[in-house]
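Enquirer: Take a look at the following structure, please.
What follows draws every value from the coordinates through simple rules; no lab data is involved. What you see is a predicted model, and the numbers here were worked out from it, not measured in a lab. Note: ideal-geometry Cβ built from the backbone for every residue, glycine included; neighbour counts use all protein chains shown.
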């Protein structure tokens, strides 16, 4: 999709997929942006490539990404010109639309499973034995999966809050002690404003954490719901005992 919302599938799109089929590597990453007007032939070619088993290309949904970027203040034109960089981080692309971005997308490797553990132990970290999260109650007294979800959400919100504090300190430190003059030359905003790249000189400035263990978190919650509340095959007490003894 270009800045006008038009599909820009071309011969090179197919050549890139064919090249990946020949080398069959899982790195470097190749991404495929899909939208409601994506032609069937390139979509079919993408799915055939995905069947090779390398997990490539990543399929990115423009219909979700563009509105989400606009909700954060990105213009429609710039949002349509986003790029999927690094592993899977989506940022506005300064090389195609002139919108310079400081999008630090690795602001903490965020363990999504830990809040579940905290919820099962009332905020206590099993590794250190210390109270590391808020008190959310004894899970033995949770009568439904909704109460488990509520506890996990509170633990997750607290962890995100702590991560934000850390990243605010990080951003302040880099803004005041670690300027990047080379990047200032490469981005329009810092050049025009005379403000460093790390000090808010770009048009768009944001950070985002990398969620780790999403699949494990989903499987863990599904197992709790299925075994403890739906099937009632084990009690919460038995689940905690199994966790304490490493199964």
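Enquirer: Quick check: Cα centre of the stretch 103-170 to Cα centre of the stretch 6-29, how many Å?
Expert: 40
Enquirer: Shifting gears a bit: Treating the angle as unsigned and between 0 and 90°, give the value, to the nearest 10°, between the Cα long axis of helix 11-23 and the longest Cα principal axis of the chain.
Expert: Orientation of helix 11-23: about 50 degrees from the principal axis.
Enquirer: With each run of n ≥ 4 DSSP H residues scored as -39500 (n - 2.57), what mean residue ellipticity at 222 nm is computed for the chain after dividing by its residue count and rounding to the nearest 500 deg cm²/dmol? Before the final figure, lay out the partial values.
Expert: Details: 11 runs with 114 residues, N = 247.
Calculated mean residue ellipticity at 222 nm is -13500 deg cm²/dmol.
Enquirer: Over the alpha-carbon set of the chain, work out the extent along each principal axis and list the three values in angstrom, largest first.
Expert: So the extents along the principal axes, rounded to whole Å, are 58, 49, 31.
Enquirer: Can you give the angle from 0 to 90° between the axis of helix 214-224 and the longest principal axis of the chain, with both taken from C-alpha atoms, to the nearest 10?
Expert: Once rounded, the angle reads 30 degrees.
Enquirer: Using R₀ = 41 Å, calculate the FRET efficiency as 1/(1 + (r/R₀)^6) where r is the Cβ-Cβ separation of residue 226 and residue 191; round to 0.05. List each step's numbers first, then the result.
Expert: Details: r = 56 Å, r/R0 = 1.38.
Efficiency computed from Cβ-Cβ geometry: 0.15.
Enquirer: For the stretch 109-244, what is the relative contact order in percent, using Cα pairs closer than 8 Å and at least 6 residues apart in sequence? Don't jump to the answer; show the numbers that get you there.
Expert: On the way: 135 pairs, mean separation 35.9, N = 136.
Relative contact order here is 26 percent.
Enquirer: Then there is this: Mind ranking 102-108, 10-16 by how tightly packed they are, going by the mean number of other C-beta atoms within 10 angstrom, highest first? Could you put the intermediate results ahead of the total?
Expert: Values: 102-108: 17.9, 10-16: 11.6.
Going by the mean number of other Cβ atoms within 10 Å, highest first, we get 102-108, 10-16.
Enquirer: Moving on. Along Cα→Cβ, 7 Å out, is where each label goes; now give me the distance between the ones at residue 153 and residue 21 in nm to one decimal.
Expert: Those two pseudo-labels are separated by 4.6 nm.
Enquirer: Can I ask one more? Round to the nearest 10 and give me the degree value, 0 to 90, for the angle of helix 145-177's Cα axis relative to the longest principal axis of the chain.
Expert: Taking the Cα atoms of the chain, the angle to 145-177 is about 50 degrees.
Enquirer: Could I ask something else about it? Ranked highest first by average number of other Cβ atoms within 10 Å, how do 233-246, 199-212, 60-73 line up?
Expert: Working: 233-246: 11.8, 199-212: 17.8, 60-73: 14.1.
In descending order of packing, they fall as 199-212, 60-73, 233-246.
Enquirer: Report the equivalent ellipsoid semi-axes for the stretch 30-168 in whole Å, largest first, defined as the square roots of five times the eigenvalues of the gyration tensor built from alpha carbon atoms. Don't skip to the end; give the middle numbers.
Expert: Values: eigenvalues 284, 83, 42 Å².
Those come to 38, 20, 14 Å.
Enquirer: Taking only the alpha-carbon atoms of the stretch 109-244, what semi-axes of the equivalent ellipsoid follow from 5 times the gyration tensor eigenvalues under a square root, in whole Å, largest first?
Expert: On the way: eigenvalues 369, 43, 24 Å².
For the stretch 109-244, the ellipsoid semi-axes come out as 43, 15, 11 Å.
Enquirer: Compute the Kirkwood hydrodynamic radius of the stretch 1-51, taking the inverse of the mean of 1/r over all pairs of distinct Cα atoms, and give it in Å to one decimal. Write down the numbers at each step before the final one.
Expert: Numbers: mean 1/r = 0.0852 Å⁻¹.
Roughly 11.7 Å, rounded to one decimal.
Enquirer: Rg over Rh of the stretch 11-99, using C-alpha atoms and the Kirkwood radius, what does it come to? Don't skip to the answer; put the middle values down first.
Expert: Working: Rg = 13.8 Å, Rh = 13.9 Å.
Taking Rh as the inverse mean 1/r over Cα pairs, Rg/Rh reads 0.99.
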